[in-house]
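The structure appears right after this line, and notes come after that.
The values are calculated or read from the model by the stated rules, or taken from the named source; none is laboratory data. All values reported here derive from a predicted model rather than from experimental measurement. Every residue, glycine among them, receives a Cβ derived from its backbone with ideal geometry; neighbour counts consider all protein chains shown. Quick note on the areas: whole protein, heavy atoms, side chains included, nothing else; ligands and nucleic acids left out. Shrake-Rupley method; radii C 1.70, N 1.55, O 1.52, S 1.80 Å.
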Amino acid sequence: MTTPALTADLPTLTTFAERVRTNIEQVIVGKRAAIDLLLVALLCGGHVLIEDVPGVGKTMLARALAVSLGLSFRRVQCTPDLLPNDLTGVSVYRPHEARFVFQPGPLFSHVVLVDEINRATPRTQSALLEAMGEGQVSVDGVTHVLPQPFLVLATQNPVEFEGTFPLPEAQLDRFFLRIRLGYPSPAEEVQMLTALAGEHPITNLTAVVAGEQVPTLQRAIYQVRVAPSLREYLVRLAQALRAHPDLALAMSPRATLALFRAGQAWAALAGRDYVLPDDYKALAGPVLGHRLLVRPAAALRGRTAEDVLAEVVARVELPLE
């Protein structure tokens, strides 16, 4: 019996991504950029915060991804009375066996949609930290390893605040990137209505790849080269954000590494084995925007994290080689 390769080659990764992208687009119309960002997070082993208004396809995007990969999918609707054990699982006593048996919660799935995460209490939100950071959960002093690949897609409504608990900065920093779907264009909305004239496309969607390949493909992006000048650019960008007077919280070392790794995945999806300066420019918003905290005085002047980030990205010189 032959031993499988520890890493896949980049053409295999590109073919894998194209199949998944094409399959999802049967359900999600006109959102290729968001789908590509989702694939970037998947290939980097990161998690995604989807921040958008209701009804734009957040849940359908998560379902379509899980089905396309042939992986298990669970959806959790967050409410203020949701408890940590409702996510992680609970130990149940079985009298006829005279012992406690662990019953896994919805986190024991490959793709987990945590809907309206900011409606859960901070105690419940914190139950996600170990799962997202370590790929495991601890219940009653026992550590349980989660299935791999493991992807958390959390959603929140940016325009509704009553009865919500804003995510703390430490938890926002755990999300690899943030995406927004936005409303479709008129042509895309017509296309959507045409596709939904009969049965919903999600009902006939099938797996097009083997999701078990993902851990191998995640290692394949290590083959993508990042020039020393681009590594220095990322550090200069981090330093410029940390020194900006309008920011109370800037780019953490975890964010620097996330942007570095996202560039590798973005290049691999484009069929390249090297990162371009423009790759990091395109990814700065999704990877860094949710990690920055504007000072109250600057916010009163109308400054937003996106404004500060755009200003710094435009100012820090990109390597031209």
query: How about region 239-321: which helices (runs of 4 or more DSSP H) wholly inside it have at least 1 residues that are closer than 24 Å to Asp36 by Cβ and either modelled with pLDDT under 95 or open to solvent by 20 Å² or more (accessible area, probe 1.4 Å) (or both)?
result: 253-269, 277-288, 305-315
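Yes or no, residue by residue, for (1) within 27 Å of Val56 (Cα to Cα); (2) of a type in the set (Gly, Ala, Ser):
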{"site": "Leu82", "(1), (2)": "yes, no"}
{"site": "Phe100", "(1), (2)": "no, no"}
{"site": "Pro106", "(1), (2)": "yes, no"}
{"site": "Val114", "(1), (2)": "yes, no"}
{"site": "Ala127", "(1), (2)": "no, yes"}
query: Any residue at all in region 88-95 that is modelled with pLDDT under 85, more than 26 Å from Arg291 (Cα to Cα) and assigned to a loop (DSSP other than H, G, I, E, B)?
result: no
- prompt: Quick one: what pairs do we get from region 225-236, first residue over 13 Å from Leu257 (Cα atoms), second open to solvent by less than 100 Å² (accessible area, probe 1.4 Å), C-beta under 6 Å, 6+ apart or different chains?
  reply: Arg225/Tyr274; Ser229/Pro319; Arg236/Val316
statement: Only one of (1) modelled with pLDDT under 90; (2) crowded, with 18+ Cβ neighbours inside 10 Å; (3) farther than 24 Å from Ala170 by Cα does not apply to Lys58, and that is (3)
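The rows are residues; the columns are (1) among the hydrophobic types (A, V, I, L, M, F, W, C); (2) modelled with pLDDT under 90; (3) open to solvent by less than 20 Å² (accessible area, probe 1.4 Å); (4) assigned to a loop (DSSP other than H, G, I, E, B).
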{"residue": "Thr2", "(1), (2), (3), (4)": "no, yes, no, yes"}
{"residue": "Ala5", "(1), (2), (3), (4)": "yes, yes, no, yes"}
{"residue": "Thr15", "(1), (2), (3), (4)": "no, no, no, no"}
{"residue": "Arg21", "(1), (2), (3), (4)": "no, no, yes, no"}
- prompt: Does region 116-136 include one or more residues that are outside any helix (DSSP H, G or I), of a type outside the set (Ser, Thr, Tyr), in contact with a Gly (Cβ under 7 Å, 6 or more places away or on another chain) and surrounded by 15 or more Cβ atoms within 10 Å (Cβ to Cβ)?
  reply: no
field: Filtered residues of region 31-41 (kept if open to solvent by 10 Å² or more (accessible area, probe 1.4 Å), in a helix (DSSP H, G or I) and either closer than 13 Å to Gly263 by Cα or not hydrophobic (A, V, I, L, M, F, W, C) (or both))
entry: Arg32, Asp36, Leu37
- prompt: What about Thr88, is it of a type in the set (Val, Ile, Thr), open to solvent by less than 60 Å² (accessible area, probe 1.4 Å) and out of contact with any Cys (no Cβ under 9 Å at 6 or more places or on another chain)?
  reply: yes
message: Between Gln26, Gln103, Gln77, which is touching a residue at least 24 places away in the same chain (Cβ under 8 Å), within 29 Å of Val142 (Cβ to Cβ), open to solvent by 30 Å² or more (accessible area, probe 1.4 Å) and not charged (D, E, K, R)?
response: Gln77
